[in-house]
Structures are given as structure tokens and as C-alpha cells.
Amino acid sequence: MDRLDAMKVFVLAVDEGSLAAAGRKLGRSPAAVSRAIAFLEERVGAELLHRTTRSIKLSEEGERYVAICRRVLTELEEADDIVAGPRTAPRGLLAITAPVVSGEMVLRPILDAFLDAYPTVSAKLLLFDRSVNLIEEGVDIALRIGPLADSAMVAMRVGEISRVVVAAPRYLKQHPRIAEPGDLAKHQIVAMAHLPNSWTFAPQAGSSAARTVQFIPRLVVNSTYAAVASAVAGRGVARMYSYQVAEQVASGELEIVLAGDEDPEMPAHLICPQGRLAVPKVRAFTDFAVPRLKKHFAQLKKSLGARRHCGRAATANALFCVYGRRAESATVPERLTPI
């Protein structure tokens with residue numbers, strides 16, 4: 001039996017969730033699909049799939065093997081394209097990953113436009129709030145927020161984002177002024193379930209020690225959208241990435257506080273494995289997406305910058321710059337936190 005064909009059958013069976021579904025897609029009987037997988041299992045000396053009458057489930061060995069099969073099959077499909085070089089039109093399946101919110105809000109609209117421009121390319125957008133191993137999981141490109149740890153990747157910087165502390169205007173009117181990070185102890189905090197019950201802020205002038213504020217949350221959620229909605233509803237103070245609340249800040253539903261205490265901005269990159277830029281579909285997407293992402297993040301930075309309160313709060317009668325005008329305020333600015 002042909003080993004590569006058996007790999008294709010195995011991967012398709014995993015993707016379809018059953019041997020019968022894979023058989024229908026391939027025009028083969030379930031028995032033929034089962035024989036192909038049995039061939040691979042005999043060859044590797046391990047059970048790859050746990051089978052029942054209605055479903056299949058990858059074994060521990062199968063999890064590792066299917067990742068390798070995807071990589072091998074992808075590289076074989078792309079070998080001809082790489083050799084043909086620029087003469088080859090972008091085609092095939094493009095796998096992209098990103099954090100959930102930035103993927104939905106920032107990357108997906110750009111991907112939609114790319115697919116309109118390149119009808120011979122299809123795409124799979126995988127949104128996870130975890131770091132994806134691009135090579136092991138067969139992913140072409142990732143959008144990453146924050147410092148990069150993996151030097152084995154080609155990185156294209158597309159912008160910078162900040163973390164901001166936000167609250168609804170009516171909440172700020174009804175609660176004590178937030179003049180410095182320590183004031184947060186007097187406030188209701190909307191926190192994310194996967195983050196610690198503390199926020200760290202930039203050091204004060206003349207100090208190298210970061211400031212950490214401990215708190216007991218009034219509300220804990222495991223969804224960025226829920227945290228933003230709760231802040232808009234006046235349930236408390238939240239800390240988010242700037243792009244996660246840009247719309248609400250622009251509309252006046254949320255205000256940024258403690259702007260003068262924000263951490264340094266964090267970079268945003270598109271990354272891909274070494275050598276993958278030679279693949280036409282990957283090169284086409286990066287050429288298409290990078291300038292659009294740069295424009296998006298630059299506009300976001302400009303928009304939020306115009307709406308931040310200016311400077312640190314020094315006294316109860318301090319004047320602050322709100323939404324581009326001078327105004328006397330009893331509240332103070334803050335910043336965002338990555339989620």
C-alpha cells in the first residue's frame with residue numbers, strides 16, 4: 001500500500017471524525033479507509049485511532065503522528081510551488097492562528113479581503129488564547145501580541161499595542177477618584193479568570209521597581225467580551241488590551257484611567273516558520289496583510305492617544321485632557337491588560 005496515500009486517508013479520517021465520512025469524501029468504502037489506517041499502525045507499531053461503531057479518537061501516539069503527517073503532506077504539496085517560484089499563483093489551504101479577540105476583530109476582516117483577492121486560496125483561521133506550535137500543528141502564519149520567544153520564526157512587526165485600565169463614565173462619577181494605581185483597592189474590579197488577582201504597573205519616576213496592586217475581584221469572567229460588556233455596564237474597572245476596547249472608548253462608553261502609569265507598549269508581529277515565506281500563498285498573505293495590519297494598529301494608537309486623559313493625577317483639582325479637550329475632572333486615567 002502507498003504510504004503517502006495512507007497518510008492522506010488517516011489525516012482526512014481525523015478531520016472528518018469518522019471512517020465512513022472519510023470514505024464518502026474519498027469515494028472509498030469504510031473498509032478501505034480502515035485498511036489504510038491499519039497499514040500505518042502496523043508500520044509504526046502502535047494504535048493510532050481508538051475506534052467505535054460511531055466515532056474515532058486519536059491515541060496519544062496518534063496525536064503525535066497526525067501532526068507529522070500534516071507537516072509532511074503540506075511540505076510535499078508546496079514543494080512544486082517553491083521550485084516554480086514567482087510563476088506559481090498562490091493556491092491551496094492557508095492555516096493561520098491568532099488570539100481569539102485579535103483574530104476576530106483585527107485579523108479576520110483582513111483575511112476576508114485576502115480571500116476575495118485570491119480566489120484559488122482557501123483558509124483555516126484557528127483562534128486560541130494559547131501559544132500554538134506552528135510546525136507541529138501545521139500552521140503557516142500566526143499573529144502574536146507581546147515579546148517573541150521563538151527565534152526559529154521569521155517575524156514581521158506590524159505595530160504596537162498597550163494595556164489600559166477602563167471604566168464606564170457613570171461608574172467613575174459614582175466612585176472615588178483613581179489618581180494612582182493604589183487607588184484601585186477602593187474599587188470594584190472586573191477580572192479575567194486566567195489572570196492573577198493583581199495588576200502590575202510601570203515604576204514611578206526615579207524608581208526601577210514595578211508597582212503591583214493586589215485586589216479581590218467583584219466579578220470574575222473567562223471571556224474578554226464579557227469583561228468589556230461588564231465594564232460598559234458600570235460593574236467595575238477592567239484592564240484590557242487597547243484593541244479590545246477601542247470601539248467602546250471611541251464611543252464614550254468607556255474611559256481610560258491611569259494613562260500616565262501605563263507599561264511600555266508591546267509589539268505585535270506576524271510570524272511564520274523559516275522557509276515558509278517561499279510558499280506563494282504564504283508570501284501573498286504576508287504581503288497583503290502586513291501593510292493593512294500596520295495601518296490598523298497605527299490608527300488605533302492615534303485614536304486612543306487622542307482620548308486618553310493626559311498626564312498623571314496630582315491633586316483633586318487637577319486638570320485633565322479628556323477626548324481632546326481640557327476638562328476639570330474628579331477621575332483619573334489608567335491603562336490596558338493583555339488577555
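The values are calculated or read from the model by the stated rules, or taken from the named source; none is laboratory data. Small disclaimer: the values here were computed from a predicted structure and weren't measured. We place every Cβ from the backbone using ideal geometry, glycine too, and count neighbours over all the protein chains shown. With ligands, DNA and RNA removed, areas are computed over all heavy atoms of the protein, side chains included. Shrake-Rupley method; radii C 1.70, N 1.55, O 1.52, S 1.80 Å.
Some values worked out for this structure:
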| item | result |
| --- | --- |
| Count of the range 170-204 residues which are in contact with a helix residue (DSSP H, G or I) (Cβ under 7 Å, 6 or more places away or on another chain) and part of a helix (DSSP H, G or I) | 1 |
| Residue that is farthest from the chain's Cα centre (by Cα) [pool: residues in the range 220-252 that are in a strand (DSSP E or B) and within 17 Å of residue 172 (Cβ to Cβ)] | 237 |
| In the range 103-144, residue farthest from residue 271 (Cα to Cα) [restricted to those that are at pLDDT 90 or above and small (Gly, Ala, Ser)] | 117 |
| Checklist (1) touching an Asp or Glu at 6+ places or on another chain (Cβ under 9 Å); (2) within 24 Å of residue 99 (Cα to Cα); (3) open to solvent by less than 10 Å² (accessible area, probe 1.4 Å) applied to residue 244, failing item | (1) |
| Residues of the range 253-295 satisfying the condition of being open to solvent by 70 Å² or more (accessible area, probe 1.4 Å), assigned to a helix (DSSP H, G or I) and in contact (Cβ under 8 Å) with a residue 24 or more places away in the chain | 283, 292, 294 |
| Whichever residue in the range 149-167 is at pLDDT below 85 and open to solvent by 60 Å² or more (accessible area, probe 1.4 Å) and, among such residues, is farthest from the chain's Cα centre (by Cα) | 151 |
| Residue count for the range 129-144, restricted to those that are free of Cβ contacts under 8 Å to residues at least 60 places away in the same chain and open to solvent by 70 Å² or more (accessible area, probe 1.4 Å) | 2 |
| Tally of residues being surrounded by 20 or more Cβ atoms within 10 Å (Cβ to Cβ), aliphatic (A, V, I, L, M) and assigned to a helix (DSSP H, G or I) across the range 46-70 | 1 |
